[in-house]
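Novice: Could you have a look at this structure, given as C-alpha coordinates, before my questions?
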Amino acid sequence: MGALDGRTIAILATDGVEEVELTEPVKALRDAGARTVLVSLHSGQIQAMKSDVTPTRRYDVDLPVAQAAAAEFDGLVLPGGTTSPDHLRMDDDAVRFVREFVQAGKPIAAICHGPWTLIDAGGVNGHVMTSWRSLRADLTNAGAHWVDQSVVTDGTLVTARDPGDLKLFCPAIVTLFSGAAAHPA
(Lines give C-alpha, C1' and ligand atoms only; values in the text may rest on other atoms or scores of the structure.)
Protein backbone atom coordinates (compact mmCIF):
# COMPACT_ATOMS: atom_id res chain seq x y z
CA MET A 1 0.00 0.00 0.00
CA GLY A 2 1.21 3.48 -0.87
CA ALA A 3 1.13 6.47 1.45
CA LEU A 4 -1.45 8.14 -0.80
CA ASP A 5 -3.69 5.19 -1.71
CA GLY A 6 -7.25 6.39 -2.19
CA ARG A 7 -6.29 10.06 -2.49
CA THR A 8 -6.98 12.26 -5.50
CA ILE A 9 -4.72 15.24 -6.11
CA ALA A 10 -5.51 18.08 -8.52
CA ILE A 11 -2.69 19.49 -10.63
CA LEU A 12 -3.69 22.98 -11.82
CA ALA A 13 -1.75 24.10 -14.90
CA THR A 14 -2.23 25.53 -18.35
CA ASP A 15 -0.20 26.28 -21.46
CA GLY A 16 3.35 27.30 -20.60
CA VAL A 17 3.72 25.08 -17.53
CA GLU A 18 7.32 24.13 -16.74
CA GLU A 19 7.28 20.48 -17.81
CA VAL A 20 9.51 19.00 -15.12
CA GLU A 21 7.51 20.83 -12.41
CA LEU A 22 4.43 19.07 -13.76
CA THR A 23 5.81 15.61 -14.48
CA GLU A 24 8.05 14.99 -11.46
CA PRO A 25 5.40 15.77 -8.80
CA VAL A 26 2.82 13.72 -10.74
CA LYS A 27 5.23 10.77 -10.85
CA ALA A 28 5.98 11.03 -7.12
CA LEU A 29 2.28 11.24 -6.25
CA ARG A 30 1.34 8.30 -8.48
CA ASP A 31 4.25 6.22 -7.15
CA ALA A 32 2.84 6.84 -3.66
CA GLY A 33 -0.59 5.59 -4.77
CA ALA A 34 -2.43 8.83 -5.53
CA ARG A 35 -4.67 9.47 -8.48
CA THR A 36 -3.77 12.75 -10.18
CA VAL A 37 -6.13 14.91 -12.23
CA LEU A 38 -4.81 17.58 -14.58
CA VAL A 39 -7.14 20.58 -14.23
CA SER A 40 -6.76 23.44 -16.69
CA LEU A 41 -8.42 26.50 -18.17
CA HIS A 42 -9.67 24.54 -21.17
CA SER A 43 -10.28 20.97 -22.27
CA GLY A 44 -8.03 19.20 -24.77
CA GLN A 45 -4.29 19.51 -24.21
CA ILE A 46 -1.85 21.97 -22.69
CA GLN A 47 1.61 22.80 -24.01
CA ALA A 48 4.46 22.28 -21.55
CA MET A 49 7.73 24.18 -21.80
CA LYS A 50 11.35 23.93 -20.74
CA SER A 51 12.75 27.12 -19.19
CA ASP A 52 9.71 29.08 -20.44
CA VAL A 53 10.96 29.19 -24.04
CA THR A 54 11.30 25.70 -25.49
CA PRO A 55 8.09 23.77 -26.20
CA THR A 56 8.22 20.17 -25.00
CA ARG A 57 5.27 17.75 -24.85
CA ARG A 58 1.54 18.34 -24.78
CA TYR A 59 -0.51 16.86 -21.92
CA ASP A 60 -4.15 15.80 -21.88
CA VAL A 61 -6.40 17.85 -19.63
CA ASP A 62 -8.64 15.71 -17.42
CA LEU A 63 -11.01 18.44 -16.21
CA PRO A 64 -11.67 22.08 -17.10
CA VAL A 65 -11.34 24.26 -14.01
CA ALA A 66 -14.82 25.73 -14.56
CA GLN A 67 -16.18 22.25 -13.73
CA ALA A 68 -13.79 21.56 -10.84
CA ALA A 69 -14.48 21.78 -7.10
CA ALA A 70 -11.95 21.38 -4.30
CA ALA A 71 -14.40 19.15 -2.44
CA GLU A 72 -13.60 16.41 -4.99
CA PHE A 73 -9.87 16.44 -4.17
CA ASP A 74 -7.52 15.74 -1.27
CA GLY A 75 -4.85 18.23 -2.29
CA LEU A 76 -3.61 20.63 -4.95
CA VAL A 77 -0.29 21.08 -6.79
CA LEU A 78 0.55 24.39 -8.50
CA PRO A 79 3.50 23.89 -10.89
CA GLY A 80 5.46 26.85 -12.18
CA GLY A 81 6.88 28.30 -15.29
CA THR A 82 5.94 31.95 -15.67
CA THR A 83 3.22 31.68 -18.29
CA SER A 84 0.94 29.07 -16.71
CA PRO A 85 0.61 30.71 -13.25
CA ASP A 86 0.22 34.14 -14.84
CA HIS A 87 -2.74 32.93 -16.93
CA LEU A 88 -4.23 31.03 -13.98
CA ARG A 89 -4.24 34.04 -11.66
CA MET A 90 -6.15 36.06 -14.25
CA ASP A 91 -8.90 33.41 -14.56
CA ASP A 92 -11.83 33.71 -12.14
CA ASP A 93 -12.54 29.97 -12.11
CA ALA A 94 -8.90 29.08 -11.44
CA VAL A 95 -8.68 31.57 -8.55
CA ARG A 96 -12.02 30.31 -7.16
CA PHE A 97 -10.76 26.72 -7.34
CA VAL A 98 -7.56 27.52 -5.45
CA ARG A 99 -9.49 29.65 -2.92
CA GLU A 100 -11.72 26.64 -2.18
CA PHE A 101 -8.63 24.65 -1.12
CA VAL A 102 -7.41 27.57 1.01
CA GLN A 103 -10.77 28.04 2.72
CA ALA A 104 -11.19 24.30 3.34
CA GLY A 105 -7.69 24.03 4.85
CA LYS A 106 -6.72 21.39 2.29
CA PRO A 107 -3.02 20.86 1.52
CA ILE A 108 -1.46 22.84 -1.31
CA ALA A 109 1.99 22.46 -2.89
CA ALA A 110 3.44 25.20 -5.11
CA ILE A 111 6.79 25.48 -6.86
CA CYS A 112 8.58 28.28 -8.67
CA HIS A 113 5.95 30.79 -9.94
CA GLY A 114 3.08 28.56 -8.75
CA PRO A 115 2.42 30.75 -5.67
CA TRP A 116 1.22 33.61 -7.91
CA THR A 117 -2.24 32.03 -8.09
CA LEU A 118 -2.20 31.48 -4.32
CA ILE A 119 -1.72 35.23 -3.83
CA ASP A 120 -4.87 36.00 -5.82
CA ALA A 121 -6.76 33.28 -3.93
CA GLY A 122 -5.84 34.80 -0.56
CA GLY A 123 -3.71 31.85 0.48
CA VAL A 124 -0.33 33.30 1.47
CA ASN A 125 -0.93 35.77 4.32
CA GLY A 126 0.91 34.68 7.46
CA HIS A 127 2.70 31.76 5.80
CA VAL A 128 6.45 31.18 5.61
CA MET A 129 7.12 30.44 1.94
CA THR A 130 9.72 30.16 -0.76
CA SER A 131 9.44 30.55 -4.53
CA TRP A 132 11.34 31.69 -7.58
CA ARG A 133 13.25 34.78 -6.36
CA SER A 134 11.30 37.24 -8.49
CA LEU A 135 8.13 36.48 -6.48
CA ARG A 136 9.72 37.60 -3.21
CA ALA A 137 8.17 41.10 -3.29
CA ASP A 138 4.80 39.77 -4.49
CA LEU A 139 4.61 37.24 -1.66
CA THR A 140 5.89 39.68 0.97
CA ASN A 141 3.40 42.34 -0.14
CA ALA A 142 0.61 39.75 0.16
CA GLY A 143 1.59 39.01 3.78
CA ALA A 144 3.87 35.98 3.46
CA HIS A 145 7.29 35.70 5.06
CA TRP A 146 9.57 34.78 2.12
CA VAL A 147 12.73 32.75 2.77
CA ASP A 148 15.42 31.53 0.39
CA GLN A 149 15.27 27.80 1.13
CA SER A 150 14.91 24.77 -1.12
CA VAL A 151 11.61 23.61 0.37
CA VAL A 152 9.43 25.14 3.07
CA THR A 153 6.55 23.39 4.83
CA ASP A 154 4.21 25.66 6.78
CA GLY A 155 1.01 24.04 7.97
CA THR A 156 -0.94 22.84 4.93
CA LEU A 157 1.41 24.51 2.47
CA VAL A 158 4.65 23.26 0.87
CA THR A 159 6.63 25.53 -1.44
CA ALA A 160 9.86 25.19 -3.40
CA ARG A 161 12.02 27.56 -5.45
CA ASP A 162 12.69 25.91 -8.79
CA PRO A 163 13.30 22.62 -10.67
CA GLY A 164 16.59 22.16 -8.83
CA ASP A 165 14.57 21.61 -5.66
CA LEU A 166 12.33 18.83 -7.03
CA LYS A 167 14.33 16.06 -5.29
CA LEU A 168 13.28 17.60 -1.96
CA PHE A 169 9.91 18.98 -3.06
CA CYS A 170 8.45 15.68 -4.27
CA PRO A 171 8.96 13.76 -0.99
CA ALA A 172 7.70 16.82 0.92
CA ILE A 173 4.44 16.88 -1.02
CA VAL A 174 3.89 13.14 -0.51
CA THR A 175 4.39 13.69 3.24
CA LEU A 176 2.04 16.69 3.24
CA PHE A 177 -0.74 14.93 1.36
CA SER A 178 -0.40 11.70 3.36
CA GLY A 179 -0.92 13.62 6.60
CA ALA A 180 -4.19 15.18 5.48
CA ALA A 181 -7.59 13.55 5.82
CA ALA A 182 -8.85 11.93 2.63
CA HIS A 183 -12.06 13.33 1.18
CA PRO A 184 -15.11 11.06 1.34
CA ALA A 185 -15.41 8.80 -1.69
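The values are calculated or read from the model by the stated rules, or taken from the named source; none is laboratory data. These figures come from a predicted structure and were not determined experimentally. Positions of Cβ are generated from backbone atoms using ideal geometry, with glycine treated the same way; all protein chains shown enter the neighbour counts. For accessibility, only protein heavy atoms count, side chains too; no ligands or nucleic acids. Shrake-Rupley method; radii C 1.70, N 1.55, O 1.52, S 1.80 Å.
Novice: Sorting check: for 106-115, 166-175, which peptide has the highest mean count of neighbouring beta carbons within 10 Å, and how do the rest follow? Let's see the in-between values first.
Specialist: Details: 106-115: 28.8, 166-175: 19.3.
Peptide ranking by packing, descending: 106-115, 166-175.
Novice: How would you classify the stretch 55-137 from its alpha-carbon gyration tensor, with a ≥ b ≥ c the square roots of the eigenvalues: rounded for a/c under 1.5, else prolate if a/b is greater than b/c, otherwise oblate?
Specialist: oblate
Novice: Report the paramagnetic label zone for S134: residues of the stretch 37-66 whose backbone N is under 13 Å from a point 7 Å from Cα along the Cα-to-Cβ axis.
Specialist: 51-53
Novice: Can you give the relative contact order of the stretch 99-176 as a percent, counting alpha carbon pairs under 8 Å and 6+ residues apart?
Specialist: 31
Novice: Efficiency by 1/(1 + (r/R0)^6): what FRET value for A3 and R57, r their Cβ-Cβ distance, R0 = 22 Å, to the nearest 0.05?
Specialist: Taking R0 as 22 Å, the efficiency between A3 and R57 is 0.20.
Novice: Let me ask something else about it. Can you work out ³J(HN,Hα) from phi for every residue in the stretch 79-85, in order, using Karplus 6.51 cos²θ - 1.76 cosθ + 1.60 and θ = phi - 60°, giving whole Hz and x for Gly and Pro?
Specialist: So the Karplus estimates, Gly and Pro as x, are x, x, x, 7, 5, 4, x Hz.
Novice: For the chain, what does the relative contact order come out to in percent, with C-alpha contacts under 8 Å and a separation of six or more?
Specialist: With pairs under 8 Å counted, the relative contact order is 21 percent.
Novice: Aspartates and glutamates within cross-link reach of K50: Cα-Cα under 18 Å, excluding same-chain residues under 8 positions apart?
Specialist: D15, E18, E19, E21, E24, D60, D86, D162, D165
Novice: Put T14, T82 in order of accessible area, largest first, 1.4 Å probe: what do you get?
Specialist: Ranking T14, T82 by accessible area, largest first, yields T82, T14.
Novice: What residues from the stretch 87-120 fall in the zone where the backbone N is under 13 Å from a label point 7 Å along the Cα-to-C-beta line of S43?
Specialist: Taking a point 7 Å out along Cα→Cβ of S43, no residue of the stretch 87-120 has its backbone N under 13 Å.
Novice: Here is a follow-up. Among the DSSP beta bridges whose two residues both lie in the chain, what percent are antiparallel, rounded to the nearest 5?
Specialist: Antiparallel bridges: around 30 percent, rounded to the nearest 5.
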